[in-house]
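Participant: Input: one structure, supplied below.
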């Protein structure tokens with residue numbers, strides 16, 4: 001932080017009058033009407049903060065002793081200091097010139113739910129929403145009976161009023177929005193009874209939305225000019241349609257791929273078979289090869305979700321779970337024992353797997369890095 005004495009350009013033994021004169025000189029040079037550059041305004045804040053500290057004997061004594069010397073809100077002293085001076089310079093946040101009655105409207109956001117099939121292949125949807133539209137009764141002018149806004153007699157059409165006040169740096173002219181016309185520079189003496197002078201009303205309207213193939217939850221579709229109409233019939237904002245995809249009963253989406261889990265018996269896994277699954281394209285044939293292990297997958301190319309803005313599609317991945325029977329009758333137990341004997345399997349015998357996949361494969365890879 002810069003030294004307050006250096007900021008004001010005075011020595012450390014300067015008296016109160018010297019500090020005041022130095023501040024007045026710098027404040028006039030840094031007046032925003034003379035130097036509107038943001039960097040200059042920051043410098044003005046530094047100068048004011050320095051003066052706030054050095055002009056107060058107690059704060060100056062604390063600062064000279066090594067403290068900050070700041071007090072009150074934001075380190076700029078009490079209500080008679082920085083806030084009042086900035087308000088004097090900038091008019092309490094006022095604007096220059098009259099505000100336009102015709103202004104752009106706001107954007108609007110709605111959420112639309114779609115199922116997996118609609119998200120994968122696209123769809124159209126008619127939605128009804130309530131938003132601001134141009135008032136037809138006054139043709140968005142806000143005036144009744146073909147009348148027109150009249151010049152404000154208080155601000156003479158400027159949209160702001162000015163007041164001269166005295167401050168520590170002399171007389172300062174402040175500008176504030178006119179309270180009579182709310183800064184418009186004109187008043188509507190005969191407002192439209194339908195829109196109360198705003199030029200727009202709330203109304204329900206139906207909009208057709210085209211949802212492209214490949215969307216997913218969180219995607220937004222921008223519809224230019226379909227948002228809220230602005231005051232005075234100003235240009236409408238945009239409408240954003242946010243997609244919310246409902247979960248499917250048994251298909252799980254991962255990007256553009258789909259996953260489905262099926263269970264088959266030990267016999268079918270060992271001998272091989274064909275099964276049917278329901279996908280986005282209807283019933284699909286899936287070949288289960290002989291010797292299929294639990295946890296294996298079968299990939300059906302191009303049977304997933306359409307890639308957004310393209311015609312290609314992801315895959316449908318079938319996860320196979322080999323189901324072990326939990327209840328066997330006497331005949332089934334005897335057959336399984338004969339099968340085990342025929343294969344030379346002994347009770348209690350285990351086989352260690354050397355496969356790279358699975359949990360132990362991942363653990364092995366982690367320990368050998």
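Participant: Please specify each residue of the range 293-326 satisfying the condition of being at positive phi and touching a helix residue (DSSP H, G or I) at 6+ places or on another chain (Cβ under 8 Å).
Facilitator: Going through the range 293-326, the residues at positive phi turn out to be 295, 302, 309.
Selection gives 295 alone.
Participant: Here are the criteria: (1) at pLDDT 65 or above; (2) exposed (fewer than 10 other Cβ atoms within 10 Å of the Cβ). Tell me which single one residue 368 does not satisfy.
Facilitator: Failed condition: (1).
Participant: While we're looking at this one, here's another question. If we keep just the residues of the range 200-217 that are outside any strand (DSSP E or B) and in contact with a strand residue (DSSP E or B) (Cβ under 7 Å, 6 or more places away or on another chain), which is surrounded by the fewest Cβ atoms within 10 Å (Cβ to Cβ)?
Facilitator: Initial filter on the range 200-217 (outside any strand (DSSP E or B)): 212-217.
Filter once more, so that each one left must be in contact with a strand residue (DSSP E or B) (Cβ under 7 Å, 6 or more places away or on another chain): 213-217.
Working: 213: 18, 214: 22, 215: 24, 216: 17, 217: 15.
Filtering first and then ranking leaves 217.
Participant: Can you tell me which residues in the range 164-199 are part of a loop (DSSP other than H, G, I, E, B) and in contact with a helix residue (DSSP H, G or I) (Cβ under 8 Å, 6 or more places away or on another chain)? Let's see the steps before the verdict.
Facilitator: Taking the range 164-199 and keeping what is part of a loop (DSSP other than H, G, I, E, B), we get 168-169, 178-185, 188-190, 192-199.
Of everything in the range 164-199, those that are part of a loop (DSSP other than H, G, I, E, B) and in contact with a helix residue (DSSP H, G or I) (Cβ under 8 Å, 6 or more places away or on another chain) turn out to be 168, 169, 198, 199.
Participant: Taking residue 89 as meeting all but one of (1) at pLDDT below 75; (2) buried (at least 18 other Cβ atoms within 10 Å of the Cβ); (3) part of a loop (DSSP other than H, G, I, E, B), write down the number of the exception.
Facilitator: Residue 89 satisfies all of (1) at pLDDT below 75; (2) buried (at least 18 other Cβ atoms within 10 Å of the Cβ); (3) part of a loop (DSSP other than H, G, I, E, B) except (3).
Participant: Can you tell me which residue in the range 267-287 is farthest from the chain's Cα centre (by Cα), limited to those that are assigned to a strand (DSSP E or B) and closer than 14 Å to residue 317 by Cβ? Break it down stepwise before answering.
Facilitator: Our first condition is that a residue be assigned to a strand (DSSP E or B); within the range 267-287, this holds for 273-279, 282-287.
Right, trim to closer than 14 Å to residue 317 by Cβ and you get 277, 279, 284, 286.
Numbers: 277: 40, 279: 35, 284: 41, 286: 43 Å.
For the range 267-287, the residue satisfying everything is 286.
Participant: Sort out which residues of the range 276-292 are without any contact (Cβ under 8 Å) to a residue 40 or more places away in the chain, at negative phi and in contact with a helix residue (DSSP H, G or I) (Cβ under 8 Å, 6 or more places away or on another chain), and write them in order of number.
Facilitator: Taking the range 276-292 as the starting set, the residues that turn out to be without any contact (Cβ under 8 Å) to a residue 40 or more places away in the chain are 276, 278-279, 281-292.
From what is left, the residues that are at negative phi are 276, 278-279, 281, 283-290, 292.
288, 290, 292 - these are the residues of the range 276-292 that are without any contact (Cβ under 8 Å) to a residue 40 or more places away in the chain, at negative phi and in contact with a helix residue (DSSP H, G or I) (Cβ under 8 Å, 6 or more places away or on another chain).
Participant: Same structure, new question: Filter the range 293-320 down to residues that are in contact (Cβ under 8 Å) with a residue 60 or more places away in the chain, loosely packed, with under 14 Cβ neighbours inside 10 Å and in contact with a strand residue (DSSP E or B) (Cβ under 8 Å, 6 or more places away or on another chain), then give me how many there are.
Facilitator: 1
Participant: Here is a list of conditions, (1) crowded, with 17+ Cβ neighbours inside 10 Å; (2) in the same structural domain as residue 315 (by TED's automatic domain parsing); (3) in contact with a strand residue (DSSP E or B) (Cβ under 6 Å, 6 or more places away or on another chain), and residue 256 meets all of them except one; can you say which number that is?
Facilitator: Every listed condition holds for residue 256 apart from (3).
Participant: In addition: Looking at this structure, is residue 168 modelled with pLDDT under 95 and within 27 Å of residue 131 (Cα to Cα)? Lay out the reasoning, then the answer.
Facilitator: Values: modelled with pLDDT under 95: yes; within 27 Å of residue 131 (Cα to Cα): no.
The answer is no for residue 168.
Participant: Something else: Any residue at all in the range 321-337 that is outside the structural domain of residue 211 (by TED's automatic domain parsing), under 30 Å from residue 122 (Cβ atoms) and either surrounded by 13 or more Cβ atoms within 10 Å (Cβ to Cβ) or in contact with a strand residue (DSSP E or B) (Cβ under 6 Å, 6 or more places away or on another chain) (or both)?
Facilitator: Start the filter on the range 321-337 by keeping residues that are outside the structural domain of residue 211 (by TED's automatic domain parsing), which leaves 321-337.
Now restrict to residues that are under 30 Å from residue 122 (Cβ atoms): none.
Checked against the condition, which is being outside the structural domain of residue 211 (by TED's automatic domain parsing), under 30 Å from residue 122 (Cβ atoms) and either surrounded by 13 or more Cβ atoms within 10 Å (Cβ to Cβ) or in contact with a strand residue (DSSP E or B) (Cβ under 6 Å, 6 or more places away or on another chain) (or both), the range 321-337 yields no hits at all.
The values are calculated or read from the model by the stated rules, or taken from the named source; none is laboratory data. Bear in mind the structure is a predicted one, so any value in this text is a computation, not a measurement. Positions of Cβ are backbone-derived with ideal geometry, glycine not excepted, and every protein chain shown enters the neighbour counts.
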